[in-house]
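For reference, the structure is listed below as structure tokens.
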Amino acid sequence: WIARDAAAVWHPFTQHATWTGDDPTVVDRAEGPWLWDVDGRRYLDGVSSLWTTTLGHGHPEVNAAIAAQLAKLDHSTFLGTTHTPGIELSEALVALAPRGDGPELTKVFYAGDGSSAVEAALKIAYQYSTQTGRARPKFVRLDHAYHGDTLGAVAVGGHELFHEAYRPLLLETIGVASPGDRANGADRCARAVADLTATMDAHGDQVCAIIVEPMMQGAAGMLDHDAHFLRTARALADAHGALLIFDEVATGIGRTGRMWAAEHAGVVPDLLTCGKGITGGYLPLSAVLAAEHVFAAFLSRPGDTSPRTFFHGHTYTANPLCCAAALANLRVMGEQDVVARAARLGDRLGKLLEPVAAKDGVVEVRRLGTMIGVEVAPAGDRTGFRVCQAARAHGVWLRPLGDTVVVMPPLTLGDDEADLLADALDAAIDEVLA
Ligand code: PMP
């Protein structure tokens, strides 16, 4: 399989075999928090198959919901027609939407993955500016941010490497200091607030939206920040007539111990993107939750000379199987109080990782709920990758982000499995840093 993979497959981001010198694991089947490879070896899925498997793999109720939907309606376009799973899921997401300082989120626009939800949100934000006043062509983004890999999403990311590769094709953005950036010292949040304030004072009338991954910038390297930054972003967006976008693709759907990370701050954005955990990893789906005032700007009015429509929508938008999977995932999460369980699991993992945090060579353990990053040193020496490699030999599947080892297990992980994960990481760090 590995030779055939190398011959025919172009993998996303990492050509594992060439870059790491490590063969990819050939995953064959999965159940609960476990993955098995084609040789029958079992691994604990410590990163929820890229942060998606809220309930673990193969949950019988989600499987049954997908099967029942498949027997009824596999696909039907959402362009001009509708269907019951799409309507029910929209109602469910609106009912779950965060409440607090900001508008009510009343409408759901579907997309296929996190990047395309972000792409849709950016296009909505720009077009909102043209349809409510005048064109505001700039976006404000945070340093180190990752919002996906489509061109708009790359532009609002904060990775120089990704910008460099595509620069002439990118949107106009203004980067501000990340409130989670340790390089900015202990007052990093205050510095980010000051930078955002100065940026909006200087360019606010040109800015259609500020985009932020709330409370914890995940793929940026698990960089946490305080609620004050989000409150400031809300106030500045309002003061300058810009929209506020929260990208909750990684932080949403219970991951941080609340349904949305926005709830930690009590701040509601105008647009909120979600993906990853929305179907619990079963099928690809994402969504943009939008405030009513944003949606209203896209409704044609009598006498309009051109239609006010959002020129965006894909063939598989709101695929019924995906919607059925998401509905089942959200139903089971509600019935089993999975968000509260995630908060408890996060606390437990935090305790279990205390000895890890105290080790020489561990810079810091950062955590919000079950979103955890273990930063290891020396930096830039592929230490993070080597720790994950060593953890794999102990039967735990992890994936690094640079020097940070990510721990983001299914929200329903059991106590014994949490112990196993922490023990494997502990041993792996000892082996690599010995
Ligand atoms: N936004 C955030 C915050 C993400 O973490 C990611 C994926 N890591 C994306 C967007 C892109 O999502 P996808 O990979 O599903 O396109």
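Bear in mind these aren't lab numbers, they're just calculated from the coordinates by the rules spelled out. Keep in mind that this is a model prediction, so the values were computed, not measured. We place every Cβ from the backbone using ideal geometry, glycine too, and count neighbours over all the protein chains shown.
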Discussion item. Whole-Hz ³J(HN,Hα) for each residue in region 182-192, computed from phi via Karplus 6.51 cos²θ - 1.76 cosθ + 1.60 with θ = phi - 60°, x for glycine and proline: what do you get?
Written reply: 4, 5, 8, x, 5, 9, 4, 5, 4, 5, 5
Item to complete: For a label point 7 Å from the Cα of Asp347 along Cα→C-beta, name the residues of region 36-50 whose backbone N is under 13 Å from it.
Response: none
Item to complete: Mind telling me which of Asp74, Asp39, Asp403 comes out most flexible in a GNM of the chain, alpha-carbon contacts under 10 Å?
Response: Asp39
Response to the item:
Sorted on mean Cβ neighbours within 10 Å (highest first), peptides 118-125, 269-276, 55-62 come out as 269-276, 118-125, 55-62
Worksheet entry | Area projected by the alpha carbon convex hull of region 1-145, averaged over all directions, nm² | 14.1
Worksheet, complete the sentence: Whole-Hz Karplus couplings 3J(HN,Hα) for region 385-390, θ = phi - 60° and coefficients 6.51, -1.76, 1.60, Gly and Pro as x, run 4, 5, 5, 5, 4, 5
Worksheet item: In deg cm²/dmol, rounded to 500, what helix-only [θ] at 222 nm does the chain give when every DSSP H run of at least 4 residues adds -39500 (n - 2.57) and the total is split over its residues?
Response: -12000 deg cm²/dmol
Fill in: Protection proxy ranking of 253-261, 421-429 - average other beta-carbon atoms within 10 Å, highest first
253-261, 421-429
Discussion item. Could you work out how much longer the chain between Arg308 and Ala194 gets when fully extended? Use 0.36 nm per residue separation minus the Cα distance between them, nm to one decimal.
Written reply: 37.4 nm
Worksheet, complete the sentence: Given backbone amide H placed at 1.01 Å from N, residues whose amide H is under 5 Å from that of Thr106, ignoring those fewer than 5 places away on the same chain, are Ala290, Ala291, Glu292
Discussion item. Quick check: convex hull over the Cα atoms of region 65-335, volume per residue in Å³, rounded to an integer?
Written reply: 128
Fill in: Nearest-ten-degree value, helix 338-352 long axis tilted from longest Cα axis of the chain
40
Practice prompt. For region 272-409, evaluate the Debye formula with one uniform point scatterer on each Cα (no solvent term) and list log10 I(q)/I(0) at q = 0.14, 0.17, 0.18, 0.19 Å⁻¹, rounded to two decimals.
Written response: -0.87, -1.03, -1.08, -1.13
Worksheet entry | Separation of alpha-carbon centers, region 159-185 and region 1-65, rounded to whole Å | 30
Fill in: Degrees between helix 227-240 axis and first principal axis of the chain (Cα, 0 to 90, nearest 10)
20
Worksheet, complete the sentence: Any residue on another chain or 5+ positions along whose placed amide H is under 5 Å from the amide H of Asp101 is listed here as Val267, Val268
Worksheet item: With θ set to phi - 60° and the Karplus curve 6.51 cos²θ - 1.76 cosθ + 1.60, what are the ³J(HN,Hα) couplings of region 56-66 in order, to the nearest whole Hz, using x for Gly and Pro?
Response: x, 7, x, 4, x, 6, 6, 4, 5, 5, 5
Discussion item. Between 0 and 90 degrees, rounded to the nearest ten: what's the tilt of helix 320-335 against the longest Cα principal axis of the chain?
Written reply: 70
Item to complete: Would you grab the residues whose amide H sits under 5 Å from the one on Arg399? Only those 5+ places off in sequence or on another chain, please, with H modelled 1.01 Å from N.
Response: Val406
Discussion item. Distance between the C-alpha centers of region 349-380 and region 308-330? Whole Å please.
Written reply: 37
Worksheet item: Of the listed peptides 347-355, 107-115, what is their order by residue-averaged count of other C-beta atoms within 10 Å, with the highest listed first?
Response: 107-115, 347-355
